[in-house]
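One structure is given here, and the rest of the page talks about it.
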Amino acid sequence: MATTTVDTKRMIRNGLSNVPGLELEKPNLDYYRTDRVISVIGRRLTKTRSYTDITDIPDKMMFLRSINPMESISGLQKVNVDHTRNRIHASKELGHDWARNRDEVKPGQIVEFKWREDWLKGICTDVIVQNTPSKLEFKVVHYGAQRPRTVIEETFPIDLRYEDIWIYRYHPVYRYPTDEVIRRTLARIGECKYRTLTNNSKHFVEGVVKKDKDEMVKDFDEIEPGDAITFDYWGLKHDAVVTAVELEDAKANSVAQVTVIHYALDHFWSTRTIKEETIRLSLEKDIVYKKSFSGCVPYPKQKAVERARSRLGEQRFHAVDNQSRDFVHWAIVVQTPGIARRVGKNGERMSDMLLMPKVGKVGKRSEHFDLHRVQTLSELKVGSIVEWTYFLIPHQGIVSEVNEKMGIIKVIHYGASHLFAKRTIVEEELPIDLSKIKLGIYLCNPKLCFEGNVVLKKAKARLGEQRWEAGNRSWEFCVACVLIPIHFTFHRMHAWLELKLGSIIEWKYYNIPHQGILSDVDKKRNTIKVIHYGTSHLFATRTIVEEELKIDLRNDNLGIYRCDPTLSNKADAIVVNAKQRIGEQRWKKGNRSWDFCVACVVKQQRAAENRNFVDGKES
């Protein structure tokens, strides 16, 4: 990986990487690298995995508005975030190791040791050192052995020569500071909510130390409409969106009538239905968690409630991919491209950005599209690509009309009267009952797509076409209508007069085809200057440099790429764009020589990430 530049570090400090999955330069600061953290700790840790993302930077992303999936957006920086429900961005637990000397046992740590023939896990709150180097006493807050089991603080003596004490470590980004851990631990003393499987010692210590853990509710003043909670429902953990909280006793905030929207059951064998109902909860008896969506950009709370209510009456519960937690995640976490604002610590406005959430399967058909399930017809916009089952086969088409009241949409697609009939592009009306069929939608970066009305015109212009074949089926038809192609033609260079400043040229670099931006031509000395991702040797860090090349057109094979003039910047602007990036060391997949060149050449509103074509074929 390329080393992190000063600019990237500044971006990280300013909060541009506050969300896992943010597609700016991945932070490579030594402090945050797993292998560096392990070496700083100075001990051989277990269960380690590579760490790639930083979260909980002070700046936050605030959702402003949704956009049409095909809306043309220019002039906004794009931010990619991972909003998939089961995402695993990095290892939060670095592992555990036994303490080799007493200096390694410190307040605020999760410790585990053998006590009365059983392993005891708790939070260390204080350490008392004895005269003997291997002996110490430490205070531990844990679930005691009395009945009912209660969180207590006890002091235990230990001799490290004969007894083991294990210390659990979490990445500093994912855990609270030591002072906060101790404060949170002491606040739990006296709690009597032990459950053998769902709230044991392991859950207690992780809930205190881990920063992204769902918070146990101590007071109903902590919950407000638009929040999500987890509670026991028919003996199982259950998620719901809160719409109202009414205290039974104004003096005591531990009992309340909480109105929630969730997949409800009238009895154990009834069909689960999304309902809004009021449930009595007592914090003295019930274990209630306020769900954390750390690393995600949520909708404003009022909008989250509106989204939840839009699905009232739905009976599409599925034990695998449409449970209550899926419903809650859909209602609260941003699902479609939108405009978001960076907000600083004190609420000051920083900048607006194009928010691109990853919410479903990516790369199955094209890396430019993100497939997810349609939950309400309001998600469908004219020009969207939808997928449904057609003759028992996944099939795609372009949405041309949506009638939410009638539950009908019109799609333009390669249709047929029966499976073996000749396929023809037709506009067809489909009745949509989301309780019975699965309807998918492909979302694309708006910078890469035509506007919805343009998509519709392109699709309608092909009505009646019967050229269905390999390479031109339903998916290829949809992509051709939606994606903006950038056409580059490749030519062999034969004369000096063909060289124009700002052109993309190609030559052999370490025997590999390589591209750069032409910035100067000196015919007398037979030299040219190119700006490209250069390196001192094949395995060195790649850096954007301006380099002088000596060429001999009689023997050297030099190529040049020409772009559609309506899509490219002027020559002087291309060179300026390239020179501004000299010194950059962010070479990686998606930002290599070709990507750098295209980003300099193509107009901003067309975006450097557009699908690239050479001679009409994908390069």
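The values are calculated or read from the model by the stated rules, or taken from the named source; none is laboratory data. Note that the structure is predicted; figures quoted are calculated from it, not measured. Cβ placement follows ideal geometry from the backbone for every residue including glycine, while neighbour counts extend to all protein chains displayed. For the accessible areas, the whole protein counts, side chains as well, though only heavy atoms, and no ligand, DNA or RNA atoms are used. Shrake-Rupley method; radii C 1.70, N 1.55, O 1.52, S 1.80 Å.
Just add up the charged neighbours of residue 512: K/R +1, D/E -1, any other residue whose Cβ is under 13 Å from the Cβ of residue 512. Here the charged neighbours net out to +2.
Report, to the nearest whole %, how much of the accessible area of segment 337-486 belongs to carbon and sulfur atoms, 1.4 Å probe, protein only. About 51 percent, which is the carbon plus sulfur part of the accessible surface.
Accessible surface for segment 488-546, divided over its residues, is 53 Å² per residue with a 1.4 Å probe. Averaged per residue, segment 105-195 has 52 square angstrom of accessible surface, using a 1.4 angstrom probe with ligands and nucleic acids left out. Put simply, the amide H of residue 439, placed in the peptide plane, has neighbours under 5 Å in 374, leaving out anything fewer than 5 places away on its chain.
One chain, two ends: residue 222 and residue 265. Fully extended at 0.36 nm per residue, the span grows by 12.8 nm beyond their Cα-Cα distance. Surface calculation, 1.4 Å probe, protein heavy atoms: residue 406 sits at approximately 130 Å² accessible. A Förster radius of 41 Å combined with the Cβ-Cβ distance from residue 392 to residue 306 puts the calculated FRET efficiency at roughly 0.70.
For the pair segment 121-191 and segment 209-229, the centres of their Cα atoms are 25 angstrom apart. Under 5 Å from the amide H of residue 397 lie the amide H atoms of 386, each residue being 5 or more positions distant or on a separate chain, with H modelled from the backbone and absent for Pro and chain starts.
Length available on full extension from residue 180 to residue 319: 0.36 nm per residue minus the Cα-Cα distance, which gives 46.2 nm. FRET efficiency for the pair residue 521 and residue 465, taken as 1/(1 + (r/R0)^6) with r the Cβ-Cβ distance and R0 = 41 Å, rounds to 0.30. FRET efficiency for the residue 195 to residue 292 pair, using the beta carbon distance and R₀ = 22 Å, is estimated at 0.65. Full extension of the chain segment joining residue 582 with residue 255 gains 111.5 nm, where the gain is 0.36 nm per residue of separation less the Cα-Cα distance.
The distance between label points at residue 115 and residue 339 comes to 5.7 nm (points 7 Å beyond Cα on the Cα→Cβ vector).
Around residue 166, under 9 Å between beta carbons, what's the net of Lys plus Arg minus Asp minus Glu among the other residues? So the surrounding residues net to -2. Remark: segment 471-576 projects, on average over all directions, an area of 9.4 nm² (convex hull of Cα atoms).
Each of residue 62 and residue 426 was given a label point 7 Å from its Cα along the Cα-to-Cβ line. The distance between the two points is 5.1 nm. Judged by the mean number of other Cβ atoms found within 10 Å, the most tightly packed of the peptides 417-424, 189-196 leads the ranking 189-196, 417-424. Placing pseudo-labels 7 Å out from each Cα toward the beta carbon at residue 545 and residue 510 gives an inter-label distance of 1.2 nm.
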